[in-house]
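See below for the structure under consideration.
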There are 2 protein chains.
Amino acid sequence: MKGIIDVVALGGNAIIPAGGKGTINEQRKLTTTSMRQVADLIASGRRVILTHGNGPIVGNIMERNEAVKDRIPPMPLDVCGADSQGGIGYMIQQALRNELLARGIKSDVTTLVSQVVVSEDDDAFDSPTKPIGPFYSESEAKKLEAAKGWYMVNDADRGFRRVVPSPKPVEIVESDVILSLLEMGVIVVAVGGGGIPVVRRDGGFTGIEAVIDKDRAAAVLAGKVGAERLIILTNVTEVCVNFGRRDEEPLRNISLSDIRKLHGSGEFPAGSMGPKIESAIDFISNGGKEVIISHASMLLEACMGKAGTHILPDTDSRA
Amino acid sequence: MKGIIDVVALGGNAIIPAGGKGTINEQRKLTTTSMRQVADLIASGRRVILTHGNGPIVGNIMERNEAVKDRIPPMPLDVCGADSQGGIGYMIQQALRNELLARGIKSDVTTLVSQVVVSEDDDAFDSPTKPIGPFYSESEAKKLEAAKGWYMVNDADRGFRRVVPSPKPVEIVESDVILSLLEMGVIVVAVGGGGIPVVRRDGGFTGIEAVIDKDRAAAVLAGKVGAERLIILTNVTEVCVNFGRRDEEPLRNISLSDIRKLHGSGEFPAGSMGPKIESAIDFISNGGKEVIISHASMLLEACMGKAGTHILPDTDSRA
């Protein structure tokens, strides 16, 4: 099986419509729309690996979890993430297979439950920053801090919320299997929600309470499988400089050095575009040929160079 | 990759201890114990595919689902099943990989989110029989029947409960991928909870509200991959005739014809041993060499012929 490999990282807005009620029917419909574009990309000859955020979905799982915690023991974060990989992966693999069948393409599409290794020495464990799950009153929050050792923060006046560490992905436990499936022409959905975070302990792997940034995990995945392009789909058509200001300007093509300089000057905030830009820098620095950042609905236009921010190596080594 | 293939179908009691509180730590501990035996089986040279029930776990997912349905739209049954494949598969693949690593065996272990096709013409859709999810009061049950078209039954005086169809598995959507991974020496966890039930519609696949018996799905899987043995782990050491009576007698070795006769005489009730026996009959009739039914804790003894019920072809064709 030959062909250039693209890793496509789907943001939550490729799966759950922003203004909706959050029903599965809404998710199915949007996922089908998103997969139509992915099927077109595959029909054009690209080999695709998909990864995805688990944005509001794992939040729902945790909220359900907490709601009945007195009756049913709640699941830890790693298991919640694994559940979300199953449910989201199922929707994606079914929608994409159906879209491919409609085009007469008989590719297998499959979801792998994926663990991603982080280091116990990662600084993130000293300062949890990623808010997750439901909101609590101040008194509930204090109880949870005492009982479970959770870190709670006051989140934008909506109440108190748990924060967990967001350590950097180091390696993907199942990467050899992903590579083998890719070689066989199977379209793989993997490392959903940034992967299930695990640490190496006692010669094996153990789940840990953390959330890995999905774009950083996608960059590790893209590097590992030798992808040419890492395509990050989000809720903006292009990355902008001076974002939200009068002199806001979209970036179309930009070199590794130039994006590094902009990032160094604090252009991209840690809570939103920052991790995407750092993932792009990592991927290109390690030999990747192109990172595209664009809106979930613009996949094809972005791939054809008609939209999106395209981050390229300093010396263009493409043939 | 050579070697004889065993499909091991884990019952709920290989994952969740019967008398426990249902915490994830209890599940992890028991799963690790169960995987120790599976690792021994692999170390002895067998190639193993694992499948599993989702017994109380998917029930918990549904109960959490229903508890907050006014705030968060509930997931349909197929997505609940997919979630459970993710969470249970994760626990199994991690525990088994760790056990193999402890023995110096570097096999990959991976979970595939698996869809299983059923026929829309299956008689089961005319008479739903499988109870699932939480218990309701009579008035709640009546409301749900009217609002959602659910079938509700009065379950053993504990309240009203939803029943769904349990159609027969026809084929596994991801079976080619499972076969390929097996050929590469990867240990696959697949078709969890009987698989996510889907029907063929408009040239593609669509999820449907049903539950597929996990042993029937395991038999289809075992046939498809050309397994020599289908090993069904449950909560009895042997299948018994005259079960629960004074003249109860365990079956050790029994031929296809003889088990067929016993089944024909109504020896195995539809709600418990019946589907396991029918799965065994299907597998052996289609060329399988042996079905073992035993207790989850007796895997190794059963494989060595020291425990368990062994169902064999009429003419023993083993070398």
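The values are calculated or read from the model by the stated rules, or taken from the named source; none is laboratory data. Everything numeric here is computed off the predicted structure, so don't read it as measured data. Because the Cβ atoms are built from the backbone with ideal geometry, glycine has one as well, and the counts that use them run over all protein chains shown. Only protein heavy atoms, including side chains, enter the accessible area calculation; ligands, DNA and RNA are left aside. Shrake-Rupley method; radii C 1.70, N 1.55, O 1.52, S 1.80 Å.
Annotations
- Subset of the range A:94-135 [part of a loop (DSSP other than H, G, I, E, B), within 21 Å of the chain's Cα centre (by Cα), among the β-branched types (Val, Ile, Thr) and at pLDDT 95 or above]: A:Val113, A:Val118
- Selection status of A:Glu140, within 14 Å of another protein chain (Cβ to nearest Cβ) and either over 19 Å from A:Ile88 (Cβ atoms) or acidic (Asp, Glu) (or both): no
- Lone unmet requirement of (1) in contact (Cβ under 8 Å) with a residue 60 or more places away in the chain; (2) of a type outside the set (S, T, N, Q); (3) facing another protein chain (nearest Cβ under 10 Å) for A:Lys130: (3)
- The lone exception for A:Phe243 - which of (1) open to solvent by 50 Å² or more (accessible area, probe 1.4 Å); (2) at pLDDT 95 or above; (3) farther than 22 Å from A:Val173 by Cα it fails: (2)
- In the condition set (1) at the interface with chain A (Cβ under 10 Å from one of its Cβ atoms); (2) at pLDDT 95 or above, B:Lys69 is compliant with all but (2).
- Residue within the range B:118-129 that is of a type in the set (Phe, Trp, Tyr) and crowded, with 19+ Cβ neighbours inside 10 Å present: no
- The residue list A:Ala222, A:Ala217 contains one member that is small (Gly, Ala, Ser) and touching a Pro at 6+ places or on another chain (Cβ under 6 Å), which is A:Ala217.
- Total residues in the range B:280-305, condition aliphatic (A, V, I, L, M) and outside any helix (DSSP H, G or I): 4
- Candidates are the residues of the range A:176-186 that are surrounded by fewer than 19 Cβ atoms within 10 Å (Cβ to Cβ) and more than 7 Å from every other protein chain (Cβ to nearest Cβ); the one that is nearest to the chain's Cα centre (by Cα) is A:Leu179.
- Number of positions in the range B:50-109 that are farther than 20 Å from B:Leu233 by Cβ and β-branched (Val, Ile, Thr): 5
- Qualifying positions in the range B:132-144 - surrounded by 18 or more Cβ atoms within 10 Å (Cβ to Cβ) and of a type outside the set (A, V, I, L, M, F, W, C): B:Gly133, B:Pro134, B:Tyr136
- Selected residue (criterion: surrounded by the most Cβ atoms within 10 Å (Cβ to Cβ)) from residues of the range B:1-26 that are part of a helix (DSSP H, G or I) and under 17 Å from the mean Cα position of the chain (by Cα): B:Ala14
- Meets criteria (within 14 Å of another protein chain (Cβ to nearest Cβ) and either of a type outside the set (A, V, I, L, M) or within 24 Å of B:Thr23 (Cβ to Cβ) (or both)) for A:Gly149: no
- Out of A:Gly207, A:Gly288, A:Gly308, sole residue that is in contact (Cβ under 8 Å) with a residue 12 or more places away in the chain, at positive phi and surrounded by 15 or more Cβ atoms within 10 Å (Cβ to Cβ): A:Gly308
- Residue within the range B:43-60 that is facing another protein chain (nearest Cβ under 8 Å) and either part of a helix (DSSP H, G or I) or not acidic (Asp, Glu) (or both) present: yes
- When the range B:154-175 is filtered for residues that are surrounded by fewer than 21 Cβ atoms within 10 Å (Cβ to Cβ), away from chain A (no Cβ under 14 Å) and of a type in the set (D, E, K, R), the ones remaining, listed by number, are B:Asp155, B:Asp157, B:Arg158, B:Arg161, B:Lys168.
- Taken together, the residues in the range A:254-276 that are closer than 23 Å to A:Lys214 by Cα and either under 22 Å from the mean Cα position of the chain (by Cα) or exposed (fewer than 14 other Cβ atoms within 10 Å of the Cβ) (or both) amount to 16.
- Pick from the range A:75-116, criterion more than 7 Å from chain B (Cβ to nearest Cβ) and among the basic types (Lys, Arg), ranking: surrounded by the most Cβ atoms within 10 Å (Cβ to Cβ): A:Arg103
- For B:Pro73, the conditions (1) closer than 18 Å to A:Met91 by Cα; (2) assigned to a helix (DSSP H, G or I); (3) free of Cβ contacts under 8 Å to residues at least 24 places away in the same chain all hold with the exception of (2).
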